[in-house]
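Values in this text are rule-based calculations from the coordinates and carry no lab data. This is a predicted model, so every value here is computed, not measured. A quick note on method: Cβ atoms are made from the backbone with ideal geometry, for glycine too, and the neighbour counts reach across all protein chains shown.
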Amino acid sequence: MDDREDRPMYDATCAKCGKACKVPFEPQEGRAVYCRECYQPKRRF
């Protein structure tokens with residue numbers, strides 16, 4: 001079962017590129033939100 005499809009999405013603006021995006025959490029003022037393209041966590045191998 002994939003709970004991601006049922007999760008509410010919230011409108012946000014990427015703090016890095018300024019593009020409008022949707023995130024699975026309610027953005028809070030003063031905390032940066034990044035779009036998928038700008039948010040690339042470091043991968044450990």
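For the stretch 5-27, the set of residues classified as of a type in the set (Gly, Ala, Ser), out of contact with any Pro (no Cβ under 7 Å at 6 or more places or on another chain) and not in a loop (DSSP other than H, G, I, E, B) consists of Ala20 only.
Within the stretch 14-26, the set of residues being more than 9 Å from the chain's Cα centre (by Cα) and not small (Gly, Ala, Ser) comprises Lys16, Cys17, Lys19, Glu26.
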